[in-house]
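Readers should treat all values here as calculations from the given coordinates under stated rules, not as data from a laboratory. From a predicted model like this one, the values you see are computed outputs, not experimental measurements. Glycine also receives a Cβ, built like all others from the backbone with ideal geometry; neighbour counts cover every protein chain displayed.
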Amino acid sequence: AALTAHTHHPAESPGSTCYNCHMPYTTYGLLKAIRSHTISSPSAQETQAHGRPNACSHCHLDRSLAWAGEHLQAWYGIEKPPFSPEETAVPASLVALYAGDAGQRALAAWAMGWADARATSGADWPARALMEVLNDPYHVVRYIAERSLRRDPAFADIDYDFLAAESERKVKVRVISDDDKSGD
């Protein structure tokens, strides 16, 4: 009871695993996200100031930074900062995936393949976002996006080379999009 009172998540869920909130996957390295070895608490302010994903938005990929800030304030009394219209209306994962620096884009693409985040946010929507990132200018972001996209059974066997020339990649992404089995 004390655990769920603190985490506001079911006891057996990823949201009640201490290190998912206090040592989240917010560091890019080794072609993937790795856990920060700094013990901290989720913070919308830190995301705004430094671009570091917060644990809430990194698992609830379909939610905005403002959503995370509101929950952190309601649950833990952490003062929420003012949010921009984008931070209020757009999922924080998509802001990072499309507008972040290469490290932020890599972390967002990785999170879209993370089993815990896919279970929390729904696994039926990240494919479209990941397909767009298959043409990212940074090859490692493309690699991570491809790996995350392959976690979706509909895209497990896509024919894509993240190191191919841009013109070839664009053709492949168009074919993948045309063959998209996600129903959108």
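Pairs of lysines in the chain whose Cα atoms sit within less than 28 Å of one another amount to 5, provided the residues are eight or more positions apart or on different chains.
What is the helix-to-structure angle for 166-178, meaning the angle in degrees between its Cα long axis and the longest Cα principal axis of the chain, kept from 0 to 90 and rounded to the nearest 10? It is inclined by approximately 70 degrees.
Kirkwood radius and radius of gyration were both taken over the C-alpha atoms of the chain, and their ratio Rg/Rh is 0.99. Evaluated with a Cβ-only charge set (Lys, Arg +1; Asp, Glu -1), the range 1-117 carries a dipole of roughly 260 debye about its Cα centre, given to the nearest 20. Above 22 Å, the calculated P(r) of the range 1-86 contains 24 percent of its Cα-Cα pairs. Model label points for R174 and W75, set 7 angstrom from Cα along the Cα-to-Cβ axis, are 4.5 nm apart. In degrees from 0 to 90, rounded to the nearest 10, what is the angle of the helix 65-76 Cα long axis to the longest principal axis of the chain? Tilt of helix 65-76: around 20 degrees. Put simply, the range 79-169 fits an ellipsoid with semi-axes of 24, 16, 10 Å; these come from the alpha carbon gyration tensor as the roots of five times its eigenvalues, largest first.
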